[in-house]
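What follows is a set of notes on a single structure, which appears directly below.
The values are calculated or read from the model by the stated rules, or taken from the named source; none is laboratory data. Model, not experiment: these values are computed from the prediction. Cβ placement follows ideal geometry from the backbone for every residue including glycine, while neighbour counts extend to all protein chains displayed. Ligands, DNA and RNA are excluded from the accessible area calculation, which covers all protein heavy atoms including side chains. Shrake-Rupley method; radii C 1.70, N 1.55, O 1.52, S 1.80 Å.
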Amino acid sequence: MAKTDPYAALRIKEFNIFLLVRFVLVFGWSMQFIVIEWQVYSLTKDPLSLGIIGLMEIIPAFTMALFAGHIVDQKEKRNLFALCIAAFSLISLGLFLLTTEKVVQNWSTKTILYSIYALVFFGGFLRSFFGPIIFSLVALIVPKKIYPNAATWSTSTWKSAAVLGALFGGFSISWIGVGKTLLVVFVMVVISFFLNFLIKKKPILNKKVGEPVKESLKVGVQFVFQNKAILGALTLDMIAVLFGGTVAILSVFAQDILKVGSEGFGILNASISMGSIVTMFATTYIPISKSTGKKLLVSVFIFGISIIAFGLSSIFWVSVLALFISGAADGISMIIRQTILQIKTPDDMRGRVSSVNSMFVGSSNELGAFESGLAAKLIGPVAAVVFGGTMTLITVFTIGIKNPVLKNLDLREDMEAHENEE
């Protein structure tokens, strides 16, 4: 039944609790991202300042990623997750306080801006832990034979929360203001903290607890670089996200090119996630185990084409459609990548492998934000987006030629092997 049941993972009560925790946390997180981007650009009117936000997050996220993966593999996951959520709530509280009347009246714009950057930097440190923890928890909650289904629902939940958070974040800026929106974010994070304790503690599957950090990290990195399917998937997504990301400079398009204000800004952000959600829910019915590699390459190719279309568009609804398609293609590629990681990664190495994934893909979001901001300043936002989409297309063709293992990847045999184990 689990083999064809699109709701297989949802029949596990604890997995539903996990999805609820992730939804509430990401909803607040997405709102916070939107508000920070809007507030910083409103303060500076400089697209490079948006890129600096990405840079402030990538420095700690990238440098701490491997060590975070080592810690996750060594520690109990539920309580570690709670600790990270608690620390993240302090960031949300800090950002809210920076928008209070007393701070705005008594602090200079530069001081407020630098304080935002500092909190974002701390958030990057925490982010290095979130990815490995969530990746490991999914595998501890559901049986191996439904990993792909669980990965689909987990990623779909994340995207659903992202679209609603982005949409509500954009609208709430005009409805209740920046300060109250950040207060809502703080409340959402606190709620996710308490919901997390409805999940039971999980066993530590790593048989080498106490292993020296250097040796542990070496084993994790070697595993990823020796597995051509995983390495190819991570590299493909890394380059696509690095050059094809437009989220960091959407506020520039909303305010200066399309001239649609904060509400239009929220719609532009939400359209990306809406596209992802549609395709993600579709993949619960349509298996991706057949011709997995080819489907990954095609989805990233479509992503690149849609990014170019967005960059060239000066019509709001055409831009929304282009971003919707980019989100749909990105959603498919994310599901495929997460499925490859879940199927190909041993239980005792999930934290470290996920941390390498964070370095490749997660950190490239922030580095991509910096690249987009810098490119927008140097050559203009339109040329920056078109350049990014073109680089994505070149990457697809290069990976398709240079990595035949990924191109010809088919996960059906791996899936059958996991079913036989149970």
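List of remarks:
- Only one entry of 314, 291 meets the criterion of being small (Gly, Ala, Ser), touching a helix residue (DSSP H, G or I) at 6+ places or on another chain (Cβ under 8 Å) and open to solvent by 30 Å² or more (accessible area, probe 1.4 Å), and that entry is 314.
- Check on residue 281, surrounded by 22 or more Cβ atoms within 10 Å (Cβ to Cβ) and either closer than 18 Å to residue 368 by Cβ or of a type outside the set (Lys, Arg) (or both): no
- Exactly one residue among 99, 111 is surrounded by fewer than 22 Cβ atoms within 10 Å (Cβ to Cβ) and in a loop (DSSP other than H, G, I, E, B), and that residue is 99.
- Considering segment 1-38, and only residues there that are at pLDDT below 90 and open to solvent by 50 Å² or more (accessible area, probe 1.4 Å), the residue that is nearest to residue 253 (Cα to Cα) turns out to be 33.
- Scoring residue 57 on the criteria (1) closer than 30 Å to residue 252 by Cβ; (2) in contact with a Pro (Cβ under 7 Å, 6 or more places away or on another chain) leaves a single failure, condition (2).
- In segment 389-409, the residues that are farther than 19 Å from residue 326 by Cα and touching a residue at least 60 places away in the same chain (Cβ under 8 Å) form Cβ pairs under 8 Å with partners that are open to solvent by 70 Å² or more (accessible area, probe 1.4 Å) and assigned to a helix (DSSP H, G or I), at six or more places apart or across chains, as follows: 399/407; 400/407; 403/228; 405/228; 406/228; 407/294; 408/294.
- Selected residue (only one of 65, 8 is over 16 Å from the mean Cα position of the chain (by Cα) and farther than 20 Å from residue 273 by Cβ): 8
- On inspection, residue 241 passes the criterion of being surrounded by 23 or more Cβ atoms within 10 Å (Cβ to Cβ), of a type in the set (A, V, I, L, M), within 25 Å of residue 27 (Cβ to Cβ) and modelled with pLDDT under 85.
- Out of 153, 158, 175, sole residue that is more than 24 Å from residue 332 (Cβ to Cβ) and hydrophobic (A, V, I, L, M, F, W, C): 175
- Residue within segment 88-109 that is closer than 28 Å to residue 274 by Cβ and either among the charged types (D, E, K, R) or in contact with a Cys (Cβ under 8 Å, 6 or more places away or on another chain) (or both) present: no
- With respect to being surrounded by 17 or more Cβ atoms within 10 Å (Cβ to Cβ) and either modelled with pLDDT of 85 or more or under 22 Å from residue 201 (Cα atoms) (or both), residue 92 fits the description.
- The residue pairs whose first member lies in segment 250-266 and is within 19 Å of residue 49 (Cα to Cα) and free of Cβ contacts under 8 Å to residues at least 24 places away in the same chain, whose second member is part of a helix (DSSP H, G or I) and not aliphatic (A, V, I, L, M), and whose beta carbons are closer than 8 Å, counting only pairs six or more residues apart or on different chains, are 254/261; 254/262; 254/264; 254/265.
- Taking helices (runs of 4 or more DSSP H) as the structural unit, those lying wholly within segment 137-226 and holding at least 2 residues that are polar (S, T, N, Q) and surrounded by fewer than 18 Cβ atoms within 10 Å (Cβ to Cβ) correspond to 213-226.
- The set of residues in segment 60-76 being in a helix (DSSP H, G or I) and surrounded by fewer than 17 Cβ atoms within 10 Å (Cβ to Cβ) consists of 63, 67.
- Condition check for residue 105 on (1) touching a Pro at 6+ places or on another chain (Cβ under 9 Å); (2) without any contact (Cβ under 8 Å) to a residue 24 or more places away in the chain: one failure, at (1).
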